[in-house]
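Student: The structure under discussion is supplied below as structure tokens; questions concerning it will follow.
The values are calculated or read from the model by the stated rules, or taken from the named source; none is laboratory data. What you see is a predicted model; the values in this text were computed from it and never measured. With ideal geometry, Cβ positions are generated from the backbone for all residues, glycine too; neighbour counts draw on all protein chains shown. All accessible areas refer to the heavy atoms of the entire protein, side chains included, with ligands and DNA or RNA removed. Shrake-Rupley method; radii C 1.70, N 1.55, O 1.52, S 1.80 Å.
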Amino acid sequence: MQVIRLTDILPADVKITAPNESRVETTDGKVTIRATAQAPESQAVTSMRLLLDGRPYGRSAAGAEQSWDV
């Protein structure tokens, strides 16, 4: 029997690092979103994708730190 630890199969922990406020006001209607992802030790973050209203925005980007201009 193979033992699988729950912590080994959980998805990456993602943190939005910018904007750092929940309400953002902008004069030009644009905002930059930055995020970092930390995967469990036995896994790696290979790409990230931003979802807006449940829909993909732009293309997937490689790496655990990303930035999107929306």
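Student: Look at the stretch 17-38 and say how many of its residues are part of a loop (DSSP other than H, G, I, E, B) and either open to solvent by 50 Å² or more (accessible area, probe 1.4 Å) or among the hydroxyl-bearing types (Ser, Thr, Tyr) (or both).
Tutor: Residues flagged as part of a loop (DSSP other than H, G, I, E, B) and either open to solvent by 50 Å² or more (accessible area, probe 1.4 Å) or among the hydroxyl-bearing types (Ser, Thr, Tyr) (or both) within the stretch 17-38 amount to 11.
Student: Pairs only if they're at least six apart or on different chains, beta carbon under 8 angstrom, first in the stretch 49-70 and farther than 16 Å from residue 39 by Cβ, second exposed (fewer than 12 other Cβ atoms within 10 Å of the Cβ) and basic (Lys, Arg); list them, first residue then second.
Tutor: The qualifying pairs are 69/30; 70/30.
Student: Does the stretch 39-49 contain any residue that is open to solvent by 80 Å² or more (accessible area, probe 1.4 Å), at pLDDT below 90 and not in a loop (DSSP other than H, G, I, E, B)?
Tutor: No; the residues of the stretch 39-49 include none that is open to solvent by 80 Å² or more (accessible area, probe 1.4 Å), at pLDDT below 90 and not in a loop (DSSP other than H, G, I, E, B).
Student: Might you let me know whether the stretch 6-14 holds any residue that is part of a strand (DSSP E or B) and either in contact with a Ser or Thr (Cβ under 6 Å, 6 or more places away or on another chain) or at pLDDT below 90 (or both)?
Tutor: Among the residues of the stretch 6-14, not one is part of a strand (DSSP E or B) and either in contact with a Ser or Thr (Cβ under 6 Å, 6 or more places away or on another chain) or at pLDDT below 90 (or both), which makes the answer no.
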